[in-house]
Structure formats: C-alpha cells, structure tokens
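The values are calculated or read from the model by the stated rules, or taken from the named source; none is laboratory data. Remember, predicted model here, so these are calculated numbers, not experimental data. Please note: Cβ atoms are built from the backbone with ideal geometry, for glycine as well, and neighbour counts cover all protein chains shown. The area values use the complete protein model at the heavy-atom level, side chains included, leaving out ligands, DNA and RNA. Shrake-Rupley method; radii C 1.70, N 1.55, O 1.52, S 1.80 Å.
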Amino acid sequence: MSPLKITPRDAATGPVLEIAGDLDYDHADELRSVVSGLTLEPGQRLVLDLRAMEFCDSSGITALLAARHHAIAAEADVALAAVPANTLRILRYVGLDQVFTCHPDSEAATAP
C-alpha cells in the first residue's frame, strides 16, 4: 500500500488538491479532513487531481463524494482531473461519471 499524499495548490478557479498514493479505507479520512478544512466561495471550483492516485476503493469513492457535498454546500463546483482508467471504469459502472465532471488533466479542469 502506498501512503496517501495530498498536495494543495491554488488556481484561478479555486483550490486544487493533488492526490497521490492509495485512497482507501486506511486513508480516506485524510482526504475528508483536508476537504473539510477548505473554505470555498460560491462559484469556485474544487479540483481533485488524481493523476498520481494508485488505488481507490469504495471508501475512497465515498471520500470523493464527501468532497462533492462540501463543494455543493458552499455553492461551489467540483471536478476530477486525470482520473486513472481503473477508477474511471468504476465511476462509470456505478453512474458517478454522471455526477462528477471529469477532465483529462488539471489544466483543463482549472480553465475558466
């Protein structure tokens, strides 16, 4: 298992969280904690950059949904960037590709 590393950065559209490693049962609470500490303004976009994510289980998917709920509560948007193929397949299978906006990379996700 790879430890989870979350690196925040700012973009013109709002915060970007670069997620690396395993987003699983043992680490999903770390993402929830970071997201709950974010102050989002109405109209901003929270981007979760998943290009370095190695593994995501159901707890990780739930943490992504919690990030979406946090953004919606702040009247902000959320987008996923560079979703790994195996995770994208799961999102499609359970219909969450209709819930999340997915972009090929963080540059596209942060475009105004």
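Being open to solvent by less than 40 Å² (accessible area, probe 1.4 Å), in contact with a strand residue (DSSP E or B) (Cβ under 7 Å, 6 or more places away or on another chain) and farther than 20 Å from K5 by Cβ is true for just one of A67, A71, A109. Which residue is that?
A71
With the structure loaded, tell me whether A12 is exposed (fewer than 13 other Cβ atoms within 10 Å of the Cβ) and either on the phi > 0 side of the Ramachandran plot or aliphatic (A, V, I, L, M) (or both) or whether it fails that test.
Taking the combined requirement at face value, the residue satisfies it.
Restricting to region 66-112, and then to whatever is assigned to a helix (DSSP H, G or I) and of a type in the set (D, E, K, R), can you tell me which residue is nearest to L48 (Cα to Cα)?
Taking region 66-112 and keeping what is assigned to a helix (DSSP H, G or I), we get 66-73, 85-93, 96-98, 106-109.
Checking the rest, the ones that are also of a type in the set (D, E, K, R) come to 68, 89, 92, 97, 107.
Values: R68: 10, R89: 17, R92: 17, D97: 14, E107: 12 Å.
Across region 66-112, the extreme among qualifying residues is R68.
Restricting to region 15-41, name every residue that is under 11 Å from the mean Cα position of the chain (by Cα) and open to solvent by 70 Å² or more (accessible area, probe 1.4 Å).
Within region 15-41, just R32 meets the criteria.
Could you tell me how many of the residues in region 59-81 are of a type in the set (G, A, S) and free of Cβ contacts under 8 Å to residues at least 12 places away in the same chain?
The first filter runs over region 59-81 and keeps only residues of a type in the set (G, A, S), leaving 59-60, 63, 66-67, 71, 73-74, 76, 79, 81.
Filter once more, keeping what is free of Cβ contacts under 8 Å to residues at least 12 places away in the same chain: 73.
Total meeting the criteria: 1.
Taking the criterion of being open to solvent by 30 Å² or more (accessible area, probe 1.4 Å) and touching a residue at least 40 places away in the same chain (Cβ under 8 Å), would at least one residue in region 82-100 satisfy it?
No, because not a single residue in region 82-100 is open to solvent by 30 Å² or more (accessible area, probe 1.4 Å) and touching a residue at least 40 places away in the same chain (Cβ under 8 Å).
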